[in-house]
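The values are calculated or read from the model by the stated rules, or taken from the named source; none is laboratory data. In this text the structure is predicted, and so the values were computed from the model without any measurement. As a convention, Cβ positions derive from the backbone with ideal geometry for all residues, glycine included, and neighbour counts pool all protein chains shown. Keep in mind that these areas ignore ligands, DNA and RNA; they rest on the heavy atoms of the full protein, side chains included. Shrake-Rupley method; radii C 1.70, N 1.55, O 1.52, S 1.80 Å.
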Amino acid sequence: MKRFLVLLFIFANCTICFSQTKAEMKREINDLKLMIEAYKQTIKEKDVQLQSLRDEYVNLQALMAKIGGILSIDSVDVAQTSNVPAEKKEDSVMQQCKAITASGTQCSRKAEVGSDYCWQHKKTKVTSGSREIYTGPRGGRYYINSSGKKVYVKRKK
Ligand SMILES: [Zn+2]
């Protein structure tokens, strides 16, 4: 009988223990639920931020397209006005030499009238097929490739 009571006591204790852990678990689950809700809220906020960034990006793209449109319209205008001889002269005088210098930057001299190059670069420019071959200050011959870099041409002996 005593043994039974002891067993009952242990059992009762265990039940209390278990119900306590159950209550704790419930509280923890509630905490977790709250945390999940908070995360969900954060994700929603980030979504909104992302959406606004996307909108900005789209706006920027539209702006770039507009700028591109304006630039191409400008070049068309120049082409149209260049039909007038007096204006063509002025445009050419103002143009910068298109040659690339040894340091890799565009030549800062003004291009000669009716040419895309200054007096120095005009002299060294030779058209060979579709390429324009330049002669450097040390006698090296090169052309400018599509990415704007100098490519030296081996001399034929
Ligand atoms: Zn030049």
Can you name the residue in the range 103-123 that is of a type in the set (G, A, S) and open to solvent by 90 Å² or more (accessible area, probe 1.4 Å) and, of all such residues, is nearest to the ligand (Cβ to nearest atom)? S108
Surrounded by 12 or more Cβ atoms within 10 Å (Cβ to Cβ) and either among the basic types (K, R) or more than 16 Å from the ligand (Cβ to nearest atom) (or both): does that describe K149? no
Among S82, S92, S19, S72, which is the only one that is modelled with pLDDT under 80 and either exposed (fewer than 10 other Cβ atoms within 10 Å of the Cβ) or within 16 Å of the ligand (Cβ to nearest atom) (or both)? S92
Over the range 134-157, the set of residues hydrophobic (A, V, I, L, M, F, W, C) and under 19 Å from Q96 (Cα atoms) is I144
